[in-house]
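Read the figures in this text as sums done on the coordinates, not as results from a lab. Given the structure is predicted, the values throughout are model-derived calculations rather than measurements. Here the Cβ positions follow ideal geometry from the backbone for every residue, glycine too, while neighbour counts run over all protein chains shown.
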């Protein structure tokens, strides 16, 4: 949809974990990483426990810091290309089924209104960027791990977290021409308060206790997303044309074909 001339560009900024998908994206790939020889069984169990804790209560600042340190140390020495291949091969199996139907619909609505959709996540870019492509996001802001000679060093080059998220969307707005006062943002975590405060239309999605309290005090909308569904199942009408469309196409094709045959026969008919 084209914006009317002179209307400022706008965007909708989405956190990823528990806002678009029902789990932690950083921990979702622990099993294929184990199968690929990147982590051991103990790390798989630890990731499963961390995923459980995250789903039950979310992650506050201290928990996010512990997760950052754990994942940084865990990925030290991993081959970057191998990680990208594993994510690419298992993306649809692991991520597609846990996308919230409500979030996918909201993304479509923002696109239909002419807004860009931007995913802003603390997870690594190797995971977030493929998910962004799956969802049709226009931009992705994610954590970048330091790489040397094709392997992760265990250091973080850029951490997309808390105030860094707000700074990143302000930088993107300056480049893309977004008017942040007219933009939207969605998150589940109180650690994303700077992100939500940076736009004119913030919403709390499946909020943790601290964000729920803030949302109530500031009269922000509180949304509940609870229906994970595969993208290909929620839009079956786009995969197969309807019967009426197929009939119209068939009739149109037949009419064009008949017209071409008539024209060709007339051209070949000798003049009297």
Give me the number: length gained by fully extending residue 81 to residue 9, i.e. 0.36 nm times residue separation minus the C-alpha to C-alpha distance, one decimal in nm. 22.3 nm
Compute the distance in nm between two label points, each set 7 Å from the Cα along the Cα-to-Cβ direction, one at residue 65 and one at residue 88. 3.8 nm
Efficiency of FRET from Cβ geometry, residue 179 and residue 158, R₀ 30 Å, rounded to 0.05: 0.75
Using R₀ = 22 Å, calculate the FRET efficiency as 1/(1 + (r/R₀)^6) where r is the Cβ-Cβ separation of residue 167 and residue 144; round to 0.05. 0.95
Can you classify the stretch 78-172 as rounded, prolate or oblate using the Cα gyration tensor, where a ≥ b ≥ c are the square roots of its eigenvalues, rounded means a/c under 1.5, and otherwise it's prolate if a/b beats b/c and oblate if not? oblate
Between residue 109 and residue 217, what length in nm is gained on full extension when 0.36 nm per residue of separation is reduced by their alpha carbon distance? 36.2 nm
Report the Cα-based extents of the stretch 11-230 along its three principal axes, largest first, to the nearest Å. 46, 36, 32
